[in-house]
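In what follows, a structure is listed as structure tokens, so that the remarks can point back to it.
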Amino acid sequence: MFLSARPQPPAARPAAATVRPMPILPIYEVPHPILKQKAARVEVVDDEIRKLIADMAETMYAAPGVGLAAPQVGVSKRVLVADVPVGADGVADAGDDSRPESRGADLLALVNPEIVESRGETRYDEGCLSVPDFVEPLKRSAEIVVTGQDREGASVRIVARGFYAVVLQHEIDHLDGVTILDRVSKLKRSLYQSRRARAKARGDSKAAEHRPGAI
Ligand code: NI
């Protein structure tokens, strides 16, 4: 998921490919079939999963995005990362109890996340790194409780509200093979598909992908 209001990445992050600590993974886009698959549960949180989390985080920051699910980088496993600017511009409202992993860093990594409670209703403009050049306000729960495991395999329980809750619902959708295109009307979906087909025919599909202010 992306959000144009997110501050630019710190200048310290090198733009050149000379000192890149981790590989930036390719982001799969619709209509790639992996985005339609229900991702597999992770049985053991091991070094392979921790490396996936690190690579996904790096990819998310580089995009830039505020959330990323493993199927978006071609790995059909139930893993997500998120870094939501809590409090920034009032877009997110998360209580102190809601981000147990955020101490010292704002990165949240969740393995096998599951929404166990949801309340209320909210709506934010949502964009997706796998659905370039498309933004829609979608109806979501305003507050959710998510259980899962952290990168050490320990059980976690997270209360997320506002935009933070929206991001987690968006990423958990990805783990179930659902994108924002599946949550809009058939007409909007087909208009988008025609627009993308025309852009691809012109060869400018990549140019529009991360246009500033697209959301
Ligand atoms: Ni997305």
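We did not get these values from a lab; they are worked out from the coordinates using the rules stated. These numbers come from a predicted model, not from an experiment. Ideal geometry is used to build each Cβ from the backbone, glycine not excepted, and the neighbour counts take in all protein chains shown.
Which FRET efficiency, nearest 0.05, do residue 106 and residue 188 yield, Cβ-Cβ r, R0 25 Å?
0.20
If you take every DSSP beta bridge whose two residues both sit in the range 33-208, what share of them, in percent to the nearest 5, is antiparallel?
95
Amide H to amide H, which residues 5 or more places from residue 126 or on other chains are under 5 Å from it, using H placed in the peptide plane?
Those lying under 5 Å, H to H, from residue 126 are 136, 138.
When the Karplus curve 6.51 cos²θ - 1.76 cosθ + 1.60 is applied with θ = phi - 60°, which whole-Hz ³J(HN,Hα) does each residue of the range 58-66 get, with x for Gly and Pro?
Couplings: 4, 5, 4, 5, 6, 4, x, x, 10 Hz.
Measure off 7 Å from each Cα along the Cα-to-Cβ vector at residue 36 and residue 48, then give the distance between these two points in nanometres to one decimal.
2.7
Highest first, please rank the peptides 35-48, 124-137 by the mean number of other Cβ atoms sitting within 10 Å of their residues.
Details: 35-48: 13.6, 124-137: 20.6.
Sorting 35-48, 124-137 by mean packing, highest first, produces 124-137, 35-48.
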